[in-house]
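Down below is the structure, laid out as structure tokens.
The values are calculated or read from the model by the stated rules, or taken from the named source; none is laboratory data. Computed from a predicted structure; not experimentally measured. A quick note on method: Cβ atoms are made from the backbone with ideal geometry, for glycine too, and the neighbour counts reach across all protein chains shown. For accessibility, only protein heavy atoms count, side chains too; no ligands or nucleic acids. Shrake-Rupley method; radii C 1.70, N 1.55, O 1.52, S 1.80 Å.
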Amino acid sequence: FCIRLAGGELFAFAGLYDIWRDDAGNELWSYTIVTTAPNELVAPIHNRMPVILRREDEDAWLDPGSDPAHLLGLLRAYPARAMEAYPVSRALNSPANDSAELANAI
């Protein structure tokens, strides 16, 4: 499925990262996308969905000085009425598939 905001505009996921050091002092950068329970659109497809930030919440999410209680309030499903989903070719599931025809599979 292609799941996106209605109209196809870009959006941001809520994510976290950290930098770890092993015993030799080498850095390991770790990233994760924060997920939540799905909305009514995504629920028939999957049992969770990424937290999509509203445009007006992006700066707060990135600001290390933001109130943690406020940030916790952002961890909810995006409104289903503002999204759309439609099936796409299963060929898109594999990075081994790399052809111009895939542009038509979306």
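A single entry from 84, 58 fulfils the requirement of being closer than 18 Å to residue 17 by Cα and either polar (S, T, N, Q) or within 17 Å of the chain's Cα centre (by Cα) (or both): 58. Given the structure, is residue 60 in contact with a helix residue (DSSP H, G or I) (Cβ under 9 Å, 6 or more places away or on another chain), in a helix (DSSP H, G or I) and among the small types (Gly, Ala, Ser)? Judged against the criteria, residue 60 is a match.
If you go through the range 43-53 and pick out every residue that is surrounded by 14 or more Cβ atoms within 10 Å (Cβ to Cβ) and either part of a loop (DSSP other than H, G, I, E, B) or in contact with a helix residue (DSSP H, G or I) (Cβ under 7 Å, 6 or more places away or on another chain) (or both), you end up with 3. For the range 90-106, taking the residues that are in a loop (DSSP other than H, G, I, E, B) and open to solvent by 100 Å² or more (accessible area, probe 1.4 Å), the one that is farthest from residue 33 (Cα to Cα) is identified as 98. If you go through the range 66-81 and pick out every residue that is assigned to a loop (DSSP other than H, G, I, E, B) and either modelled with pLDDT under 95 or under 18 Å from the mean Cα position of the chain (by Cα) (or both), you end up with 7. Taken together, the residues in the range 61-80 that are closer than 23 Å to residue 42 by Cβ, open to solvent by 50 Å² or more (accessible area, probe 1.4 Å) and free of Cβ contacts under 8 Å to residues at least 40 places away in the same chain amount to 1.
Residue under question is residue 87, and the condition is that it be open to solvent by 60 Å² or more (accessible area, probe 1.4 Å) and without any contact (Cβ under 8 Å) to a residue 24 or more places away in the chain; does it hold? Talk me through it step by step, then tell me what you get.
Details: open to solvent by 60 Å² or more (accessible area, probe 1.4 Å): yes; without any contact (Cβ under 8 Å) to a residue 24 or more places away in the chain: no.
The answer is no for residue 87.
Every residue in the range 1-34 that is open to solvent by less than 60 Å² (accessible area, probe 1.4 Å) and under 27 Å from residue 80 (Cα atoms), please. Before you say what the answer is, go through the steps one by one.
Residues of the range 1-34 that are open to solvent by less than 60 Å² (accessible area, probe 1.4 Å), as a first pass: 2, 5-6, 8, 12, 14-15, 25, 30, 34.
Within the range 1-34, 2, 5, 6, 8, 12, 14, 15, 34 meet the criteria.
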